[in-house]
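Novice: Sending over a structure as structure tokens; questions will come in a sec.
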Amino acid sequence: MSSTLQATDLDQMVEGVFGTMLVIRLECTELPWFPDPDRLTATVHFAGESPGAAVIECAEETACRLAGALTGIDHASVDEDVYDALAEIVNMVGGNLKSLLHAGCGLSMPTVVNGFDYRQRLPGACVSTRAGFECDWGEVWVTYLLEEKPPRPPRRS
């Protein structure tokens, strides 16, 4: 196990989670990532030997459709159920990523934010892998952020 993640591993894992849990076919695309004020962002953090985060971003309308696929309830607009569903989706993706990382890696509770008037920072982290996906309901971006830990000082004897 390691903290590095190949793009193909991320693609296959995300397609598997969405296909199995939401019965949605995602197709990995070469969509460039860009900031969008109408996007929801769901994040779960990793602790331990592979500190970092998994981030899912999608438009509000796409999030409503994803929530409907997860819960079986149609959502005309973003509400608490949509936030909860997106949190659960990032939690599933994070749990699957966790299995690809170091043993003993911990997973935080998920958080969801919307809009663009916020800054999400993970000090010392950089984008390790990012993939854009398309489905019938719009685009979804999944990013794996890896925190670059400073080297440990040598032990004194």
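Read-outs throughout are calculated quantities, based only on the coordinates presented, and are distinct from any laboratory measurement. Quantities reported herein were computed from a predicted structural model and do not represent experimental measurements. FYI the Cβ positions are ideal-geometry reconstructions off the backbone, even for glycines, and counts take in every protein chain you see.
Novice: Report the label-to-label distance for Ala59 and Ala7 in nanometres (one decimal), using points 7 Å from each Cα along the Cα→Cβ vector.
Specialist: Here the modelled spin labels are 2.4 nm apart.
Novice: What shape does the stretch 69-118 take by its C-alpha gyration tensor, where a ≥ b ≥ c are the square roots of the eigenvalues and a/c under 1.5 counts as rounded, a/b above b/c as prolate, and the rest as oblate?
Specialist: Working: a/c = 3.51, a/b = 1.73, b/c = 2.03.
In terms of gyration-tensor shape, oblate.
Novice: On the Cα set of the stretch 16-64, report Rg and Dmax in Å, please.
Specialist: Just the Cα atoms of the stretch 16-64 yield Rg and Dmax of 13.2, 36 Å.
Novice: Which of Met92, Met13, Met21 moves most in a GNM of the chain, Cα contacts under 10 Å?
Specialist: Judging by the Gaussian network model, the answer is Met21.
Novice: Based on other C-beta atoms within 10 Å, arrange Ile56, Ile24 from fewest to most.
Specialist: Ile24, Ile56
Novice: Within a 10 angstrom radius of the beta carbon, how do Arg65, Arg130 rank from fewest other beta carbons to most? Before the final figure, lay out each step's value.
Specialist: Working: Arg65 21, Arg130 17.
Ascending Cβ contact count within 10 Å gives the list Arg130, Arg65.
Novice: Still on this model: Mind ordering 108-114, 40-46, 28-34 by average Cβ neighbours within 10 Å, highest first? Working shown, then result.
Specialist: Numbers: 108-114: 15.6, 40-46: 22.7, 28-34: 10.9.
Listed from highest to lowest mean packing, they are 40-46, 108-114, 28-34.
Novice: Next question. If I fit a long axis through the Cα atoms of helix 60-71 and take the longest principal axis of the Cα atoms of the chain, what angle between them do I get, 0 to 90°, rounded to 10?
Specialist: On a 0 to 90 degree scale, this one is about 90.
Novice: Next question. Between Leu122 and Asp79, what is the FRET efficiency for a Förster distance of 22 Å, r being their Cβ-Cβ separation, to the nearest 0.05? Write out the running numbers ahead of the final one.
Specialist: On the way: r = 28 Å, r/R0 = 1.26.
E(calc), rounded to 0.05, equals 0.20.
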